[in-house]
Amino acid sequence: MGKRILVIDDERDLTELLGTLLDFHGIKADTVNDPLKVETMLEQTAYDLVVTDLMMPGLDGFELIQRIHHKEPRRSLPIIVLSAKSLTQAERKVLIQNKVHFFMKPFEPQNLVDQISGLLKE
């Protein structure tokens, strides 16, 4: 079975674009626009990587990262953040401590695909 990733962003256009981009590169991606549905999805499917936004209604990306890494066996699940948010030093520290990779929006699609591919090979 191939690798599978979960893409979370409240912007439907972005999740559709990323789903198409990743599919083109042979990466199976499930997409969700409501961060409150992520916990259930993670319990139902063994994902190999998560891509998420930081600024979302209902549940921000920092809280989502904490929830993802709170349970075994997800503590080491790779996470990539895509965000237009300028990070404070404290926020950068949280991402580093959680071994989260950060891409500033707008981002170069090929760089994201390369990062995802690299993490899936580890």
Notebook entry, point to check: Restricting attention to segment 86-122, which residues are open to solvent by 40 Å² or more (accessible area, probe 1.4 Å), of a type outside the set (Val, Ile, Thr), farther than 15 Å from Val51 by Cα and in contact with a strand residue (DSSP E or B) (Cβ under 9 Å, 6 or more places away or on another chain)?
Noted result: Ser86, Arg92
Check: In segment 67-85, is there at least one residue being part of a helix (DSSP H, G or I) and within 24 Å of Thr20 (Cα to Cα)?
Finding: no
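Per-residue answers, yes or no, for (1) free of Cβ contacts under 8 Å to residues at least 12 places away in the same chain; (2) at negative phi; (3) touching a Leu at 6+ places or on another chain (Cβ under 8 Å); (4) charged (D, E, K, R):
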residue: Lys28; (1), (2), (3), (4): no, yes, yes, yes
residue: Asp53; (1), (2), (3), (4): no, yes, yes, yes
residue: Gly61; (1), (2), (3), (4): no, yes, yes, no
residue: Leu64; (1), (2), (3), (4): no, yes, no, no
residue: Pro73; (1), (2), (3), (4): yes, yes, no, no
residue: Val81; (1), (2), (3), (4): no, yes, yes, no
Item checked: Members of segment 8-24 that are of a type outside the set (A, V, I, L, M, F, W, C), assigned to a helix (DSSP H, G or I) and open to solvent by 60 Å² or more (accessible area, probe 1.4 Å) -> Arg12, Asp13, Glu16, Thr20, Asp23
Notebook entry, point to check: Which ones in segment 25-51 are part of a helix (DSSP H, G or I), surrounded by 12 or more Cβ atoms within 10 Å (Cβ to Cβ) and among the acidic types (Asp, Glu)?
Noted result: Glu39
Next item on the list: Taking the options Ser117, Ser76, name whichever one is closer than 22 Å to Phe24 by Cβ and out of contact with any His (no Cβ under 6 Å at 6 or more places or on another chain).
Entry: Ser117
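The values are calculated or read from the model by the stated rules, or taken from the named source; none is laboratory data. All figures in this text were calculated on a predicted structure; none of them were measured in a lab. Glycine also receives a Cβ, built like all others from the backbone with ideal geometry; neighbour counts cover every protein chain displayed. Calculation scope for accessible area: heavy atoms of the full protein, side chains included, ligands and nucleic acids excluded. Shrake-Rupley method; radii C 1.70, N 1.55, O 1.52, S 1.80 Å.
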